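The values are calculated or read from the model by the stated rules, or taken from the named source; none is laboratory data. As the structure is a computational prediction, the values presented were derived from the model and not from experiment. With ideal geometry, Cβ positions are generated from the backbone for all residues, glycine too; neighbour counts draw on all protein chains shown.
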Amino acid sequence: MTRGTPPPSVLGRLLDAAGYRIEARPGATLAVRSKDRRAVLIVAATRSPAEVDRWFPTDAVHRTIVYDDDPGTAAREIASDRGIEVLEPSTLGPALAELLLPSPNPSAVDPGAAEDDLALFPPLAVLPDGERIVRPRIARPEAEALAGLDAQRYTLRLVPFFVAPYRVRPASPHGDRGPVVHRLVAVNAVSRRAEVWEDGERELVAEVSEPHQRLVPQVGESQAIAIAADAVRRYHTVDVEHTEQHAGALVIETRRMLPSPDDLKLGPMSLLYVPFWYAEGTEGRVVLDAVTGRRATVSESPLL
């Protein structure tokens, strides 16, 4: 298998940790997750999509074949005709986070719901006492396979994040007020970058058994609140088309509509620690999110 791509056994363990049910097939591994009806089939490049298509559950919404090498143009065309996604060593890495994390399913409520019905709770429901670390899904063997680096040192670091629930009412594509959406916003307290999380994607634990380092926050809660509010408004920006008639010509103007400050409400901030693997070797350095397997960029990981 091409360097940097996890072998079937490693990829199977990652999928198992992400909630997939693992099933053995002749010369293949099938992973099925009932929560979002995803199915992932790990096979050799010599197997045609037409040959293995029957192994997917009939109710699977998203079907993916992961090949150990490039299967060729013909196989890709067959898979495309059958609505099957094809991944191989050069494309698996960028798609891995999407496979491991549940599909977005934000909860939305009726636009006319009363404000009292939209209560905000601490992130990840109610935080258990002492549990402030996001549980890593990727252990060191999986990190070594994903990094594709001849690294002499692998360090697990717990990076501080300020996390808050929020509700927002984005505009609809036609300019009307849309339904209220509930999600989580997480601000990296070292790099100052913010990202949106789906509720239920991550679990909390009180401690991790792997030796690790805990980084110190470089921003305070008040700064994190400002960063989070700006990031949420930009994340929920929509393109609204405005149509006008001018001298017999139809003019369509597209405007970027951010939610107004009144349509955004942040809940209480909590300081959580998210695990990242830092791999350092003669060929360079790689940082991996120990929950999703995604590679962090240099701007996301200033300590590189």
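On the basis of being modelled with pLDDT of 90 or more and assigned to a strand (DSSP E or B), does L156 make the cut? Show your work before the answer.
Numbers: modelled with pLDDT of 90 or more: yes; assigned to a strand (DSSP E or B): yes.
Spelling it out, L156 is indeed modelled with pLDDT of 90 or more and assigned to a strand (DSSP E or B).
Which count do you get for residues in the stretch 259-276 that are under 23 Å from T292 (Cα atoms) and among the hydroxyl-bearing types (S, T, Y)?
In the first step, residues of the stretch 259-276 are kept if they are under 23 Å from T292 (Cα atoms); the result is 269-276.
If we keep only those that are among the hydroxyl-bearing types (S, T, Y) as well, we get 270, 273.
Residues in the stretch 259-276 being under 23 Å from T292 (Cα atoms) and among the hydroxyl-bearing types (S, T, Y): 2 in total.
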Assess whether E198 counts as being surrounded by fewer than 18 Cβ atoms within 10 Å (Cβ to Cβ), in contact (Cβ under 8 Å) with a residue 40 or more places away in the chain and either within 30 Å of V238 (Cβ to Cβ) or touching a helix residue (DSSP H, G or I) at 6+ places or on another chain (Cβ under 6 Å) (or both). yes
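Please determine whether any residue of the stretch 49-59 is in the same structural domain as P94 (by TED's automatic domain parsing), closer than 15 Å to L11 by Cα and assigned to a loop (DSSP other than H, G, I, E, B).
Looking through the stretch 49-59, none of the residues is in the same structural domain as P94 (by TED's automatic domain parsing), closer than 15 Å to L11 by Cα and assigned to a loop (DSSP other than H, G, I, E, B).
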Considering the stretch 260-289 alone, what residues qualify as being touching a helix residue (DSSP H, G or I) at 6+ places or on another chain (Cβ under 7 Å) and closer than 12 Å to A143 by Cβ? W277, A279, V286, L288
Is there any pair linking a residue in the stretch 209-223 that is assigned by TED's automatic domain parsing to the domain that holds L266 and at negative phi to one that is among the basic types (K, R) and outside any loop (DSSP other than H, G, I, E, B), with Cβ under 8 Å and at least six apart or on different chains, and which? E210/R140; H212/R157; Q213/R157; R214/R157; L215/R157
List pairs: first residue in the stretch 8-19 and at pLDDT 80 or above, second residue surrounded by fewer than 18 Cβ atoms within 10 Å (Cβ to Cβ) anywhere in the structure, Cβ distance under 6 angstrom, at least six positions apart or on different chains. G12/I22; D16/I22
For the structure I just gave you, tell me whether G19 is assigned to a loop (DSSP other than H, G, I, E, B) and either in contact with a helix residue (DSSP H, G or I) (Cβ under 8 Å, 6 or more places away or on another chain) or assigned by TED's automatic domain parsing to the domain that holds L87 (or both). yes
